[in-house]
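Chemist: Input: one structure, supplied below.
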Amino acid sequence: AERRGASLLLVAEREGAVVGSVEAFTPEFLRGKQLRFWSASLPLESYVSALATAPSARRSGVGRTLMSRVEAIVWEAGESVLSLQVDELNGPALQLYRGLGDEVVGRERASTTPSRYGLVSKLLLGGVRERTLLVLQKPRPPATAEAA
């Protein structure tokens, strides 16, 4: 894994096939930008923009392993909080993130369209979709004291 100042992309493989990936934006990338549906009152350092696992690899630890690796990289870089957003109806993802110690710190209403082309979204894909995104954050764990 390499941090090149903009984003971090990790891929999980099993027997030569990609079974998962995670992308996180670094503070350098986020500086001066405003994320859609993000409350300006919440701290934003590193931000997980996407986590995906292949259907065949779900509930096998791939997502947990990818997120744990992102956390290790973020904490090693000295950052104090890791943030993400997830649809409140995505129960498996919420279970994963809460199991990793992420806490819900806010809710954002989101209007999204399945296509960036309004007419296509309206006529072919059902139009605008209203949903609620939960904002989750995980603070950097306290440093453990080394045995003297």
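All of the numbers you see were taken from the coordinates with simple rules; none came from a lab. Quantities reported herein were computed from a predicted structural model and do not represent experimental measurements. No Cβ is skipped: glycine too gets one built from the backbone with ideal geometry, and neighbour counts run over all protein chains shown.
Chemist: If I stretch the segment between residue 95 and residue 131 completely, what's the gain in nm (0.36 nm per residue apart, minus their alpha carbon distance), one decimal? Provide the component values of the computation, followed by the final result.
Modeler: Numbers: separation 36, 0.36 × 36 = 12.96 nm, distance 1.86 nm.
Extra length from residue 95 to residue 131 when fully extended: 11.1 nm.
Chemist: Show me 82-88, 100-106, 69-75 ranked by packing, highest mean number of other Cβ atoms within 10 Å first.
Modeler: Numbers: 82-88: 19.7, 100-106: 15.1, 69-75: 18.1.
Put in order of decreasing packing, that is 82-88, 69-75, 100-106.
Chemist: I want to check the label-to-label distance for residue 60 and residue 77. Put each point 7 Å from Cα in the C-beta direction and report it in nm to one decimal.
Modeler: Going from the residue 60 label point to the residue 77 one covers 2.9 nm.
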